[in-house]
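Bear in mind that the values in this text are calculations on the coordinates, not laboratory data. In this text the structure is predicted, and so the values were computed from the model without any measurement. Here the Cβ positions follow ideal geometry from the backbone for every residue, glycine too, while neighbour counts run over all protein chains shown.
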Amino acid sequence: MRSISGASITRRRFVQTATAAATGVTGATLVRPARAAAWDHEPARRAVVPPNPIPGGVTPPNHAQIHLWPAGDPAVTLPFSHGTLKGFDVDPSTITDFRGFSALAYHAGTATGSDGSTYNLESHMTVLRGRYIASDGTLRFGTFSFI
Amino acid sequence: MDLFEPSSGSQVHDINGGVLASGLFWTLPLDDDALDVSDDGTRAVLDVENIQVIESYRLFAPTTTPATLSFRIEWQATDAFVDRGKDATVAPTDPAAFLGRFAVARSTAEFEVSEFGFSFRSDPGVSTDQGFAEMGRERNGFFLR
């Protein structure tokens, strides 16, 4: 709640007042915008109960452990980060207690920025879809992406 | 996803999914219909529009700003599916603590990012030809029991 010129005004009241000013409608006849009405009655969007991270992972220099393995062909050195991959028998998933489809990719190429510059682009992207034991202990189904 | 300045090689943008307090690393939920996988599992398409991500400019840098990412990634298996992982014969913290059947794949991608003061779009030709891709099915943790 904010105070304007000594008077107390809520965010909702501010929206009503601003709408009235914009439409020329005032007082008790004010028809509230549909979106504001929906805000009052809309249930909160249900949050996805997240999975738990894999228990293992790499520990970069001067950094805490991160729950990720760079899975993939150990003969590959990525062109721009110069990162190396840790092998085929390495879990590509970032989530534990998981069973399902899994795909990963390390892309390379270029990108053009809004500043007109060309940049070298490198990605490590993963998608996971299937059953998982969520952080609340329940069995769930979901789709996730490592970005 | 990272951008590097070509002349210096320095990383100048780092687009990532953030880290939860649990330690879940750079991993975000998607709508289930974002992913389409062929019946035989040899082709997959991931199509995501306007997911909220974080720009941290460099790996693990403290300065961040919100960003919006759209991307389309395609995978096509290029090799046969083979068994991977060592099941529960290794410690849960071991990188091989999983079981899966994976095929080496080729992947192509398009990315578009928008943030306060900057945006970029990938050029045609982004692929795993200089990298690596694989696809398959796996299980870990509880599902190894």
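Only residues that are in contact (Cβ under 8 Å) with a residue 60 or more places away in the chain and in contact with a His (Cβ under 7 Å, 6 or more places away or on another chain): list them for region B:1-37, please. Passing the criteria: only B:3. Being without any contact (Cβ under 8 Å) to a residue 60 or more places away in the chain, closer than 18 Å to residue B:36 by Cα and among the small types (Gly, Ala, Ser) holds for only one residue in B:133, B:103, B:97, and it is B:133. Looking across A:119, A:106, A:132, one residue alone is among the hydroxyl-bearing types (Ser, Thr, Tyr) and more than 23 Å from the chain's Cα centre (by Cα). It is A:119.
Highlighted here are the strands (runs of 3 or more DSSP E) found entirely within region A:100-147 that include at least 1 residues which are among the polar types (S, T, N, Q) and more than 7 Å from every other protein chain (Cβ to nearest Cβ): A:125-133. Scanning region B:73-87 for residues that are among the aliphatic types (A, V, I, L, M), more than 9 Å from every other protein chain (Cβ to nearest Cβ) and within 20 Å of residue B:110 (Cα to Cα) returns a single hit, B:77. Among the residues making up region B:27-55, those that are over 19 Å from residue A:130 (Cβ atoms) and surrounded by 18 or more Cβ atoms within 10 Å (Cβ to Cβ) are B:51, B:53, B:54, B:55.
When restricted to residues that are under 29 Å from residue B:14 (Cβ atoms) and within 18 Å of the chain's Cα centre (by Cα), region B:58-89 contains 13. Candidates in region A:61-99 are the residues that are more than 7 Å from chain B (Cβ to nearest Cβ) and free of Cβ contacts under 8 Å to residues at least 12 places away in the same chain; of these, the one that is nearest to residue A:134 (Cα to Cα) is A:65. Kindly check whether there is at least one residue in region B:81-96 that is among the hydrophobic types (A, V, I, L, M, F, W, C) and more than 25 Å from residue A:87 (Cα to Cα). So far as region B:81-96 goes, no, none of its residues is among the hydrophobic types (A, V, I, L, M, F, W, C) and more than 25 Å from residue A:87 (Cα to Cα).
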